[in-house]
């Protein structure tokens with residue numbers, strides 16, 4: 001996995017961009033280094049090394065996805081293909097799902113620290129993303145923070161899933177993490193691309209029907225993709241610890257504020273842009289209505 005992260009990072013870093021090659025390779029290189037070091041620590045018999053391994057695995061996912069505390073600035077003039085959000089929205093979800101899937105073969109101390117690290121990073125990114133997107137002055141910053149918020153939900157789900165094991169709470173949490181990362185790849189990232197192609201939004205632009213639907217989809221309203229994610233995650237958190245469920249519910253309520261702001265950033269789309277956005281909304285609708293079938297396929 002470490003070698004694959006380095007190869008993908010190197011390939012993306014050669015694309016035309018405004019940031020330097022070194023700056024763009026910082027996240028993938030840190031992720032690969034921590035993956036390798038964590039794997040070595042996991043092979044030892046030391047309890048302390050096992051705990052360091054769990055910490056390293058969790059931080060590696062955050063570094064690969066460009067999350068807090070590794071999140072960098074997003075240049076609005078940089079091509080979407082070479083921006084840091086390409087990692088968060090397209091490449092890193094596979095790592096985030098495949099690494100915790102192997103947690104069952106890890107030592108118990110490694111699993112416990114891995115779970116706690118993901119849970120802590122998830123809550124941090126969820127708070128940072130929801131509040132940051134709400135307070136962001138520029139639309140591009142609101143989009144960047146919205147990715148952090150989605151990843152926060154995914155990491156909380158993965159953390160609960162590893163910690164709860166094969167129980168009902170663990171199954172619900174892992175299902176929520178799978179669905180939210182699938183939504184990031186198939187819904188949020190395409191909408192971000194469409195928003196970049198749509199150009200600046202006129203100051204007097206008002207919410208149209210499509211903008212309202214986009215805001216509802218991004219806020220997790222039924223019957224779109226975010227609804228089953230929130231229901232599964234709240235159910236899992238309630239079974240584990242009700243204060244965690246209360247914190248998640250508060251973040252989800254704040255989330256609604258920036259969701260409709262993001263829906264407005266696509267302006268009044270027409271032509272190819274309107275068709276693309278409509279297809280993406282259709283995908284979100286399918287993810288929301290057919291979540292059980294998708295989870296059966298994913299398992």
Log entry, pairs with first residue in the stretch 266-295 being farther than 16 Å from residue 224 by Cβ, second being outside any helix (DSSP H, G or I), beta carbons closer than 6 Å, six or more apart or on different chains, reads 267/201; 267/205; 268/208
Residues of the stretch 6-44 being under 17 Å from residue 78 (Cβ atoms), at pLDDT 90 or above and surrounded by fewer than 15 Cβ atoms within 10 Å (Cβ to Cβ), in sequence order, are none
Test set (1) closer than 30 Å to residue 116 by Cα; (2) crowded, with 19+ Cβ neighbours inside 10 Å - residue 257 fails condition number: (2)
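Could we say that residue 74 is assigned to a loop (DSSP other than H, G, I, E, B), closer than 20 Å to residue 25 by Cβ and either touching a strand residue (DSSP E or B) at 6+ places or on another chain (Cβ under 9 Å) or touching a residue at least 12 places away in the same chain (Cβ under 8 Å) (or both) here? Steps first, answer last, please.
On the way: assigned to a loop (DSSP other than H, G, I, E, B): yes; closer than 20 Å to residue 25 by Cβ: yes; either touching a strand residue (DSSP E or B) at 6+ places or on another chain (Cβ under 9 Å) or touching a residue at least 12 places away in the same chain (Cβ under 8 Å) (or both): yes.
Here the answer is yes, as residue 74 does meet what is asked.
Taking the conditions exactly as written (in a loop (DSSP other than H, G, I, E, B) and within 20 Å of the chain's Cα centre (by Cα)), does residue 15 satisfy them or not? Before the answer, list the steps.
Details: in a loop (DSSP other than H, G, I, E, B): yes; within 20 Å of the chain's Cα centre (by Cα): no.
It is false that residue 15 is in a loop (DSSP other than H, G, I, E, B) and within 20 Å of the chain's Cα centre (by Cα).
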Determine if the stretch 136-143 includes at least one residue that is touching a residue at least 60 places away in the same chain (Cβ under 8 Å), under 29 Å from residue 295 (Cβ atoms) and assigned to a helix (DSSP H, G or I). yes
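Please determine, by comparing only the residues of the stretch 91-101 that are surrounded by fewer than 16 Cβ atoms within 10 Å (Cβ to Cβ) and either within 15 Å of the chain's Cα centre (by Cα) or at pLDDT below 80 (or both), which one is farthest from residue 197 (Cα to Cα). Break it down into steps so the answer makes sense when it comes.
Narrowing the stretch 91-101 to residues surrounded by fewer than 16 Cβ atoms within 10 Å (Cβ to Cβ): 94, 98, 101.
Narrowing further to those that are either within 15 Å of the chain's Cα centre (by Cα) or at pLDDT below 80 (or both): 94, 98.
Details: 94: 26, 98: 32 Å.
Restricting to residues being surrounded by fewer than 16 Cβ atoms within 10 Å (Cβ to Cβ) and either within 15 Å of the chain's Cα centre (by Cα) or at pLDDT below 80 (or both), the top hit is 98.
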Breaking point among (1) more than 29 Å from residue 79 (Cβ to Cβ); (2) not in a helix (DSSP H, G or I), for residue 178: (2)
Scan (1) closer than 17 Å to residue 184 by Cα; (2) touching a helix residue (DSSP H, G or I) at 6+ places or on another chain (Cβ under 6 Å); (3) assigned to a helix (DSSP H, G or I) for the single condition residue 31 breaks and write down its number. (1)
Yes/no for residue 120 being part of a helix (DSSP H, G or I), surrounded by 21 or more Cβ atoms within 10 Å (Cβ to Cβ) and either touching a residue at least 12 places away in the same chain (Cβ under 8 Å) or under 17 Å from the mean Cα position of the chain (by Cα) (or both): no
Would it be correct to say that residue 238 is assigned to a helix (DSSP H, G or I), touching a helix residue (DSSP H, G or I) at 6+ places or on another chain (Cβ under 6 Å), surrounded by fewer than 19 Cβ atoms within 10 Å (Cβ to Cβ) and at pLDDT 90 or above? yes
Select, from 3, 47, 68, 52, the only residue that is over 26 Å from residue 180 (Cβ atoms) and surrounded by 17 or more Cβ atoms within 10 Å (Cβ to Cβ). 52
Does the stretch 105-113 include one or more residues that are more than 30 Å from residue 197 (Cα to Cα), crowded, with 24+ Cβ neighbours inside 10 Å and in contact (Cβ under 8 Å) with a residue 40 or more places away in the chain? yes
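When only residues in the stretch 193-219 that are modelled with pLDDT of 90 or more and crowded, with 23+ Cβ neighbours inside 10 Å count, which is farthest from residue 156 (Cα to Cα)? Can you show your working first?
Going through the stretch 193-219, the residues modelled with pLDDT of 90 or more turn out to be 212-219.
The next check asks that each one be crowded, with 23+ Cβ neighbours inside 10 Å; those that pass are 214, 217-218.
On the way: 214: 25, 217: 21, 218: 19 Å.
Result: 214.
The values are calculated or read from the model by the stated rules, or taken from the named source; none is laboratory data. Note that the structure is predicted; figures quoted are calculated from it, not measured. Neighbour counts are summed over all protein chains in view; Cβ atoms, including those assigned to glycine, are modelled from backbone coordinates with ideal geometry.
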